[in-house]
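Report on the following structure.
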Amino acid sequence: MSANPPRWSSEDFWKKVAIWVTAGSFVILIVLTFDTLSKTSVGGQRVRSYSVINQEIDYRFDDKQNRYAPVIGKDEPLFGKPLSEAEAETLVDLGKKTVQTKNCMNCHTLLGNGAYYAPDLTKAWLDPGWISAASRETLMLTFLKDPERNARTFGSGRVMPNLGLTDEEARGVVAFLKWMSAIDTNGFPHNFKTLNAQVQP
Amino acid sequence: MIYSVAALPHRIAGAFDALDSPHLNGGQQLAVKYFAVAVVLFLAQVLFGMLSGIQFVAPGFLHGILDFNVNRMVHINAMVVWLLYGFIGSIYWFLEDESGTEIAGLKWGNVAFYVLTAAVTVVVLVYLLIQTGPGKDASIWFINEGREYIEAPRWADIGIVAVMLVFFYNVAGTFMKGRWSGIAGVLTLDLVALAGLYVAGMFYLTNITADQYWWWWVIHLWVEATWEVLVGCIMAWSLMHLLGARRKIVQTWLYIEVALMFGSGILGLGHHYFWIGTPDYWFSIGGFFSALEPIPLVAMVVHSVYDAGVHNFRSRNHPALAWIIAHTFGNFLGAGVWGFMHTLPQINLYTHGTQWSASHGHLAFFGAYATINIAFFYLAAQKWRGDVWMGGDLPGNGWKWKWALALLNLGVMGMTVALLIAGYEQSFVERAVGGSTWEGYFAAQNQVWFKQAMHWRLLFGLVTTGGVVLLVWDLLTIGKGESRKAPTLSEAA
Ligand code: HEM
Ligand code: HEM
Ligand SMILES: [Fe+2]
C-alpha cells in the first residue's frame with residue numbers, strides 16, 4: 001500500500017459516511033412513519049372505522065387497481081344489532097385483546113404474520129368455509145366456544161384447542177375478525193374467493 | 001421451609017459463583033454467568049422446537065397439555081433471550097480489554113444478571129403452567145402479550161428495560177472511565193438504539209395495522225439493523241483478538257458495514273409493510289432497500305475471510321475461528337440469500353406467511369446469531385481454563401467440537417431446505433391455486449410433499465439437537481487437563 005492512502009479508504013471518511021447515512025435513513029423513516037400512521041388511522045380508507053361491522057363486507061378484484069380490494073356494502077349488522085362507533089370499538093377491542101391473550105398468533109397468521117400451523121385469519125370472516133352469510137355468525141361462535149367438538153380440520157388432524165373463551169370474548173373475536181377483513185391489504189391474499197363469490201357467481 | 005426459601009437466592013448465587021475462575025477479569029466472570037444461562041436456554045429452545053415439530057407430524061401429541069402455540073412461544077422466546085444473553089455476555093467479555101479499565105459498576109451488573117434470570121424463569125413458568133388468560137389488560141400485564149417474539153408480559157418488559165439500563169450504564173461508563181475507540185463508539189450508540197426499539201413493542205393497540213407497524217420496528221430493526229451492527233462490533237474485536245488483525249483496518253471496515261447495513265436495513269423495514277394495511281409506496285421503498293441488504297453481508301464475508309487468509313488461518317482458538325467463519329457464511333446465506341429470495345413484493349405476495357418465512361427464519365437466526373455466540377462460548381472456555389491451547393492436535397483430534405459444528409450446521413441446513421420445499425408447495429397449492437382460503441391452506445398442508453418435508457424437518461431437527469448436546473458436552477470438557485498454553489499473537493496495532 002502507498003504511504004498516502006486515498007481519502008475514500010480512510011477510517012475518518014467512512015465514519016462520517018456511516019453517521020450521515022444512518023441519520024438520513026432514520027429521518028426518512030420518521031417522515032414516512034408519520035405519513036403511514038395518518039393514512040392507517042381507524043376510520044380512514046385503508047383501516048375502516050370499527051362500526052364497519054354494521055356493514056356487509058366483501059373482497060373482490062378491482063380492475064382499476066389491478067388487485068383484490070375490500071368492498072363495503074349494504075347494512076348487515078353483526079349479530080343483527082347495529083352498534084354505535086363507541087360500542088363497536090369496545091367489542092372489537094375485546095376481540096383484539098382476546099386474540100393476544102389467548103396467543104392465537106402462535107398457531108395462526110394475522111395479516112400474514114405469526115405462525116404457520118393453522119390458516120391465515122386476515123380474511124377469515126369471508127372464508128367460504130362458513131357456507132353462507134346466514135349461517136356464518138352462529139358457526140363462528142359455536143366453533144370458537146368449542147373448537148374441539150366442532151373441529152374443521154379438513155382431514156389434517158390439527159384440532160384447535162379449547163381456549164375457554166367466554167360468550168362475550170367469542171363475540172368480540174368475531175367482531176374483530178369482521179373488522180380486520182375490511183382492511184385494505186394491497187391485494188393480499190391474492191385470488192381469494194369469498195363466501196359471497198360462491199353463492200352469487 | 002421458610003428458612004430454605006429465604007436462603008434460595010443465596011444458594012443460587014453460590015451455584016453461579018462456582019463458575020468463577022481465577023483466570024478471568026471481572027467482566028469475564030460476569031460474562032460466563034450469562035453464557036451459562038444462554039446455553040441452558042439454547043437446550044430449551046431445541047427441546048421445544050422438537051415438540052412443535054412433532055406436532056406438525058402428529059397433531060394429537062400433547063394436545064390440551066402443551067399446545068402448539070405454547071411450545072412455539074417457548075421455542076422462539078428461548079431463542080431471543082439466549083441470543084441476548086450471549087450478546088450481553090460477549091460484550092462484558094471484551095469490555096475491560098477494549099476499554100483498558102475495570103467495569104464501572106460490576107456489582108450492579110451482577111445484581112442485574114440475577115434479576116433478569118429470575119424474571120426469565122418466572123416468565124417461562126407462567127408460559128408453561130398458566131399459558132393463556134382472559135381477554136383483559138391483566139393478562140397482558142402478567143401472563144403473555146400474544147405478540148410473536150415479544151410475548152413477555154408487560155411487567156417483564158419493564159424489568160428488561162431496567163436491566164438494559166444497568167447494562168448500558170456499565171458499557172458507556174466503562175468506556176468513559178477508560179478509553180474510547182471506534183468499536184466503543186459504534187457499540188454504545190447501537191445499544192441505545194437496540195434498547196430504545198424495544199420500547200416500541202411495549203404498547204397495546206386495538207388497530208392491528210398500527211400494532212404490526214410498531215411490532216416490526218422491534219423485530220426487523222433488531223435483526224436487520226441493530227443486531228447486525230452489534231455482531232459487527234463483536235466481530236471486529238474478535239478478528240483482532242483471534243487473528244491479530246490491525247485495529248485501523250478492522251474499524252474502517254466496521255464503519256463501512258454500519259453505513260451499508262443501516263443504509264439498507266432501516267428503510268428495508270418496508271418489506272414488512274406490503275400487506276398489513278399500510279400505503280403501497282412501501283412496495284418500492286421496501287423492495288428496493290431490502291434488496292440492497294445482502295451487500296453488507298457479502299462485505300462481511302469478504303472482510304473476515306480476507307483477514308483470516310492474511311493470517312494464514314492461524315488462530316489461537318480453532319473452534320472459535322471455525323464458528324466465526326460459520327457466522328459470516330451463515331449470515332450471508334440465511335439473511336442475505338434466503339432473505340433476498342422472498343423480499344420483492346411480486347414474490348412475497350405468494351410466500352408471505354408460509355413455510356418460506358420459517359425456512360429463512362431458521363437459517364438466518366442460526367447462521368447470523370447463534371454461531372457468533374457459540375464462538376464466544378469457546379473463547380470463554382479457553383480463558384476459563386487458564387488460556388490453554390485450543391489450536392490443532394487437541395486430544396481425540398478435537399472430534400467433539402468438530403462433530404458439534406458439523407451436526408449443527410447440517411441439521412439447520414437440512415431443516416431449512418425441508419421448509420423451503422414445503423414453502424414452495426404452499427405458494428403453489430395454497431396461494432396460487434387455492435386462493436388462500438382455509439380449504440386451500442389445508443389442501444397444501446395435506447399434500448404429500450408438504451408432509452414429507454415435515455418428516456425431514458423433524459429428522460434434521462434431531463440432528464440439530466444432537467449437535468447442541470454434543471456442543472454442551474464439549475464446552476464442559478474442552479481444555480480439561482490441558483497443560484499447553486495458547487500462543488501469544490503479535491499485539492494488534
Ligand atoms: C440476520 C438477519 C435476519 C434474521 C435473523 C431474519 C429473520 C427473519 C424471521 C424470523 C422472519 C419471520 C418473521 C415472522 O415470524 O413473521 C423474517 C421475515 C422476513 N425476512 Fe428476514 N431475517 C434477517 C435478514 C433478512 C434480510 C437481509 C432480508 C432481505 C434481503 C430479509 C427478508 C425477509 C422478508 C421479506 C421477510 C418476510 C417474510 C414474510 O413475508 O412472511 N430478512 N426474517
Ligand atoms: C431442534 C431443532 C428445531 C426444530 C425441530 C424447530 C422447529 C420449529 C417449528 C415447528 C417452528 C414453528 C414454525 C411454524 O410456525 O410453522 C419453529 C419456528 C422458529 N424457529 Fe425453530 N426449530 C429448531 C431449531 C431452531 C433453531 C436452532 C433456531 C435458530 C437459532 C430456530 C429458530 C426459529 C424461528 C426464528 C422460528 C420462527 C419462524 C417464523 O415465524 O417464520 N429454530 N421452529
Ligand atoms: Fe425484515
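The values are calculated or read from the model by the stated rules, or taken from the named source; none is laboratory data. All values reported here derive from a predicted model rather than from experimental measurement. Backbone-built Cβ (ideal geometry, glycine too); neighbour counts: all protein chains shown. In case anyone asks, the SASA skips ligands and DNA or RNA and just uses the protein heavy atoms, side chains included. Shrake-Rupley method; radii C 1.70, N 1.55, O 1.52, S 1.80 Å.
Yes or no: region B:381-402 includes at least one residue that is in the same structural domain as B:Ala486 (by TED's automatic domain parsing), open to solvent by 10 Å² or more (accessible area, probe 1.4 Å) and closer than 30 Å to B:Val57 by Cα. Within region B:381-402 (the criterion being in the same structural domain as B:Ala486 (by TED's automatic domain parsing), open to solvent by 10 Å² or more (accessible area, probe 1.4 Å) and closer than 30 Å to B:Val57 by Cα), the answer is no, since none of the residues qualifies. Consider B:Leu205 against the criteria (1) away from ligand 1 (no atom under 16 Å from the Cβ); (2) at pLDDT 95 or above; (3) more than 30 Å from B:Pro279 (Cα to Cα): it satisfies all of them except one. Which criterion is unmet? B:Leu205 satisfies every listed condition except (3).
Being among the hydrophobic types (A, V, I, L, M, F, W, C) and open to solvent by less than 20 Å² (accessible area, probe 1.4 Å): is that true of B:Phe48 here? No; evaluated as a whole, the condition is false for this residue.
Filtering B:Ala259, B:Ala299, B:Ala308 for residues that are over 29 Å from B:His342 (Cβ atoms), small (Gly, Ala, Ser) and either away from ligand 2 (no atom under 16 Å from the Cβ) or surrounded by 24 or more Cβ atoms within 10 Å (Cβ to Cβ) (or both) leaves a single hit, B:Ala308. Could you say whether any residue in region B:437-450 is without any contact (Cβ under 8 Å) to a residue 24 or more places away in the chain, out of contact with any strand residue (DSSP E or B) (no Cβ under 8 Å at 6 or more places or on another chain), within 30 Å of A:Trp125 (Cα to Cα) and of a type in the set (Asp, Glu)? Looking through region B:437-450, at least one residue is without any contact (Cβ under 8 Å) to a residue 24 or more places away in the chain, out of contact with any strand residue (DSSP E or B) (no Cβ under 8 Å at 6 or more places or on another chain), within 30 Å of A:Trp125 (Cα to Cα) and of a type in the set (Asp, Glu).
Given the condition assigned to a loop (DSSP other than H, G, I, E, B) and assigned by TED's automatic domain parsing to the domain that holds B:His352, answer yes or no: does some residue in region B:469-478 qualify? Yes, region B:469-478 has at least one match. Filtering region B:133-144 to residues that are touching a residue at least 40 places away in the same chain (Cβ under 8 Å) and either buried (at least 20 other Cβ atoms within 10 Å of the Cβ) or touching a Pro at 6+ places or on another chain (Cβ under 8 Å) (or both) leaves B:Ile140, B:Asn144. Restricting attention to region A:121-172, the residues being within 9 Å of chain B (Cβ to nearest Cβ), more than 15 Å from B:Phe442 (Cβ to Cβ) and among the polar types (S, T, N, Q) number 3. When region A:14-67 is filtered for residues that are part of a helix (DSSP H, G or I), open to solvent by 30 Å² or more (accessible area, probe 1.4 Å) and within 7 Å of chain B (Cβ to nearest Cβ), the ones remaining, listed by number, are A:Trp14, A:Lys15, A:Val17, A:Val21, A:Thr22, A:Phe26, A:Ile28, A:Leu37, A:Lys39.
Scan region A:118-146 for residues that are in a loop (DSSP other than H, G, I, E, B) and among the polar types (S, T, N, Q) and report the count.
Going through region A:118-146 one residue at a time, the tally reaches 2.
Of all residues in region B:267-292, none satisfies the criterion of being farther than 25 Å from A:Leu110 by Cβ and touching a residue at least 60 places away in the same chain (Cβ under 8 Å). Set side by side, the residues B:Trp237, B:Trp253, B:Trp227 differ, and just one is under 22 Å from the mean Cα position of the chain (by Cα), away from ligand 3 (no atom under 14 Å from the Cβ) and outside the structural domain of B:Glu96 (by TED's automatic domain parsing), which is B:Trp237. Checked against the criteria, B:Ala443 counts as touching an Asp or Glu at 6+ places or on another chain (Cβ under 9 Å), within 14 Å of chain A (Cβ to nearest Cβ) and not hydroxyl-bearing (Ser, Thr, Tyr).
Which of the residues belonging to region A:68-100 are at the interface with another protein chain (Cβ under 9 Å from one of its Cβ atoms) and of a type in the set (Lys, Arg)?
To start, the set of residues in region A:68-100 that are at the interface with another protein chain (Cβ under 9 Å from one of its Cβ atoms) comprises A:89, A:92-100.
Listed by number, the residues that qualify are A:Lys96, A:Lys97.
Please find, within region A:100-154, the residue that is nearest to ligand 1 (Cβ to nearest atom) out of those that are among the aliphatic types (A, V, I, L, M) and open to solvent by less than 10 Å² (accessible area, probe 1.4 Å). Among them, the one singled out is A:Ala115.
Every residue, every condition in (1) of a type in the set (Val, Ile, Thr); (2) more than 25 Å from B:Val192 (Cα to Cα); (3) more than 8 Å from chain A (Cβ to nearest Cβ), yes or no:
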position: B:Thr226; (1), (2), (3): yes, no, yes
position: B:Gly232; (1), (2), (3): no, no, yes
position: B:Met235; (1), (2), (3): no, no, yes
position: B:Ala245; (1), (2), (3): no, yes, yes
position: B:Trp253; (1), (2), (3): no, no, yes
position: B:Glu257; (1), (2), (3): no, no, yes
position: B:Gly263; (1), (2), (3): no, no, no
position: B:Pro279; (1), (2), (3): no, yes, no
position: B:Trp282; (1), (2), (3): no, yes, no
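Restricting region B:170-183 to residues that are crowded, with 17+ Cβ neighbours inside 10 Å and within 13 Å of chain A (Cβ to nearest Cβ) leaves a set whose member that is farthest from B:His272 (Cα to Cα) is B:Ser181. Run down B:Ala404, B:Ala443 and say which single residue is out of contact with any Pro (no Cβ under 9 Å at 6 or more places or on another chain) and among the small types (Gly, Ala, Ser). Result of the check over B:Ala404, B:Ala443: B:Ala443. I'd like the full set of residues that are within 16 Å of ligand 2 (Cβ to nearest atom), over 18 Å from B:Thr252 (Cβ atoms) and among the acidic types (Asp, Glu), limited to region B:210-241. Residue satisfying the conditions is B:Glu224 alone. Taking B:Ala326 as the residue in question, decide whether it is within 16 Å of ligand 1 (Cβ to nearest atom), open to solvent by less than 40 Å² (accessible area, probe 1.4 Å), out of contact with any helix residue (DSSP H, G or I) (no Cβ under 6 Å at 6 or more places or on another chain) and more than 14 Å from chain A (Cβ to nearest Cβ). No, not satisfied.
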